[in-house]
Amino acid sequence: MVQLSALHWIYVACIVLIIGFMVRKRDTTLLCIAGIFVLGLVATGSLTASVSGIFSSFIYALKELLGTILIISVIVALSRVLARTGINEMMVSPFTKLIRTPSLAYWTIGIVMMIISWFFWPSPAVALIGAVLLPVAIRAGLPALGVAVSMNLFGHGIALSSDFIIQAAPKLTADAAGIPVGDVVSASVPLVLVMGFVTTVAAFWFLRRDMKRGTLTFSTGLASVGSATSTSGDDGTVPPSESSSPSLMPRNTRIVFAILVPLFFLTDVAAMIYFKLQGGDATALIGGTALLLLLLICLFAHGNRGLEQSTTDMVDGFLFGFRVFGPVIPIAAFFYLGDSAFIEVFGKTLPAGSHGIVNDLGLALAHTVPVNTAVSAATLTTVGAITGLDGSGFSGISLAGSIASLFGTAIQSGVATLTALGQIAAIWVGGGTIIPWALIPAAAICGISPFELARRNLKPVIIGLVVTTIVAMFLI
């Protein structure tokens with residue numbers, strides 16, 4: 001095991017400060033930049049390298065986030081075009097007859113999101129669901145923040161942490177634990193059910209309570225006036241300036257496009273299944289489809305001005321994407337240093353044998369606690385959560401599998417259950433439910449602040465992890 005150095009303790013201290021600032025709803029940009037600078041200075045001993053490292057870490061974070069920024073920008077641009085031309089009204093009208101209440105909106109969107117995410121992972125699913133069902137949910141009375149919570153918990157939470165279909169997560173943890181993938185999948189079923197049920201029900205209860213109190217409204221958490229949800233007023237209706245306009249596009253043409261838009265996306269789903277497209281490939285297919293639809297609609301709606309208008313709409317989408325992601329890049333840059341980014345930014349300056357700051361901390365924790373059933377379960381949850389702090393969710397699950405094997409061997413049972421528990425904790429924390437820079441897809445599609453969404457998810461996820469850990473103690 002690597003001996004913890006000053007770098008590790010500085011990183012921990014920065015995390016504590018960042019969490020404290022977030023709880024107090026204060027901006028963390030300056031704190032993150034200071035943390036990057038101090039880490040660089042301690043690691044390299046060079047003032048020049050530490051200053052340069054700030055910019056280099058920003059570049060690294062931007063490269064990691066660029067694909068997400070682009071898909072969000074394109075989907076938002078398309079959403080605005082659909083709203084401006086009135087196609088959106090035509091497209092969502094059938095759904096408004098099915099989703100009539102905030103409760104139906106929350107559970108329907110969540111379940112659909114979960115099912116699609118099992119097959120294609122959450123990022124492309126967010127784009128598909130958000131483009132079609134966000135306006136419906138708002139008209140049914142569920143604020144955009146509630147829509148984001150639903151998509152986030154069911155997609156990046158339940159679907160990604162279980163990964164029953166694609167099985168990328170179970171494969172990583174099972175290989176590290178030295179057990180068959182099927183054992184991890186089987187052991188994860190009761191834990192996923194408990195975690196999913198407790199978390200989504202708790203989140204729903206908090207949403208309903210705050211809506212009744214008036215502390216959660218249609219404007220709560222909006223990222224900016226120009227957000228994706230700004231096409232709807234506080235009562236869920238489209239303001240006159242954004243309402244359907246026959247002068248832009250005849251009614252029959254709007255009806256045709258209202259059919260074509262979901263049909264194109266359904267064709268994407270069929271193509272994903274047939275060609276086995278997943279992750280980034282699936283996201284790219286959806287982004288390309290959205291761009292083609294945007295261009296086609298602009299040409300029909302604006303005639304000779306269609307070429308110029310399509311460029312304007314794309315630029316507006318990119319402006320929105322970078323405006324939403326701007327505050328996130330500094331904090332993402334800091335937390336990426338907990339993993340492979342540190343070597344890329346500051347070179348091979350970590351202690352010999354280090355597996356990354358975050359993984360080193362997880363290993364140190366595992367070697368400093370006594371071994372029994374209760375402690376084993378609590379430790380795996382904690383280690384999983386710690387390794388998820390880099391916002392990936394996947395970078396630390398191999399470590400969770402290794403530690404699960406270690407503890408399972410020591411207590412002579414429960415290796416598969418402990419492995420599944422570590423996997424669930426790592427992905428629920430880092431995969432995109434309470435780490436702001438990891439849950440940007442759902443937040444940006446709904447036009448809300450990722451930090452506000454993280455705060456909204458924090459209590460339900462913590463409650464879910466506690467209950468799931470207790471259940472795991474009885475299953476080991």
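Against the numbered list (1) open to solvent by 10 Å² or more (accessible area, probe 1.4 Å); (2) in contact with a strand residue (DSSP E or B) (Cβ under 8 Å, 6 or more places away or on another chain), ARG456 comes up short only at (2). Scanning the stretch 404-432 for residues that are open to solvent by 10 Å² or more (accessible area, probe 1.4 Å) and either at pLDDT 85 or above or of a type in the set (Lys, Arg) (or both) yields GLY414, VAL415, ALA416, THR417. For the stretch 83-104, check the following and say yes or no: at least one residue is under 30 Å from THR253 (Cα atoms) and touching an Asp or Glu at 6+ places or on another chain (Cβ under 7 Å). The answer is yes, given that some residue of the stretch 83-104 is under 30 Å from THR253 (Cα atoms) and touching an Asp or Glu at 6+ places or on another chain (Cβ under 7 Å).
The residues of the stretch 273-295 that are part of a loop (DSSP other than H, G, I, E, B) and aliphatic (A, V, I, L, M) amount to a single one, LEU277.
Which ranges mark the helices (runs of 4 or more DSSP H) fully within the stretch 85-172 that have 2 or more residues being under 20 Å from THR267 (Cβ atoms)? Show your work before the answer.
Numbers: elements: 87-96, 102-120, 122-140, 144-151.
Correct list: 87-96, 102-120, 122-140.
Applying a threshold of 6 Å to beta carbon distances and a minimum spacing of six or more residues, or different chains, the list of pairs starting in the stretch 435-453 at a residue that is touching a residue at least 24 places away in the same chain (Cβ under 8 Å) and ending at one that is of a type in the set (Phe, Trp, Tyr) and surrounded by fewer than 24 Cβ atoms within 10 Å (Cβ to Cβ) reads PRO436/PHE451. Would you pick out the residues in the stretch 281-294 that are in contact with a helix residue (DSSP H, G or I) (Cβ under 6 Å, 6 or more places away or on another chain) and surrounded by fewer than 19 Cβ atoms within 10 Å (Cβ to Cβ)? Correct list: LEU291 only. For the stretch 436-455, a residue qualifies if it is under 8 Å from the mean Cα position of the chain (by Cα) and assigned to a loop (DSSP other than H, G, I, E, B), and exactly one does: LEU439. Out of VAL345, VAL315, VAL324, one residue alone is part of a helix (DSSP H, G or I), over 22 Å from VAL461 (Cα atoms) and touching a Gly at 6+ places or on another chain (Cβ under 7 Å). It is VAL345. Per this entry, VAL147 is not counted among residues that are on the phi < 0 side of the Ramachandran plot, β-branched (Val, Ile, Thr) and surrounded by fewer than 24 Cβ atoms within 10 Å (Cβ to Cβ).
So which residues in the stretch 47-78 are among the small types (Gly, Ala, Ser), more than 26 Å from CYS446 (Cβ to Cβ) and either under 20 Å from the mean Cα position of the chain (by Cα) or open to solvent by 40 Å² or more (accessible area, probe 1.4 Å) (or both)? If you could, list the steps in order and put the result at the bottom.
In the first step, residues of the stretch 47-78 are kept if they are among the small types (Gly, Ala, Ser); the result is 49-50, 52-53, 56-57, 61, 67, 73, 77.
From the residues that got through so far, the ones that are more than 26 Å from CYS446 (Cβ to Cβ) too are 49-50, 52-53, 56-57.
Hits for the stretch 47-78 are SER52, SER56.
The values are calculated or read from the model by the stated rules, or taken from the named source; none is laboratory data. This one's a predicted model, so the numbers in the text were calculated from it and none came from an experiment. Every residue, glycine among them, receives a Cβ derived from its backbone with ideal geometry; neighbour counts consider all protein chains shown. These accessible areas exclude ligands, DNA and RNA; they are computed on the full protein's heavy atoms, side chains included. Shrake-Rupley method; radii C 1.70, N 1.55, O 1.52, S 1.80 Å.
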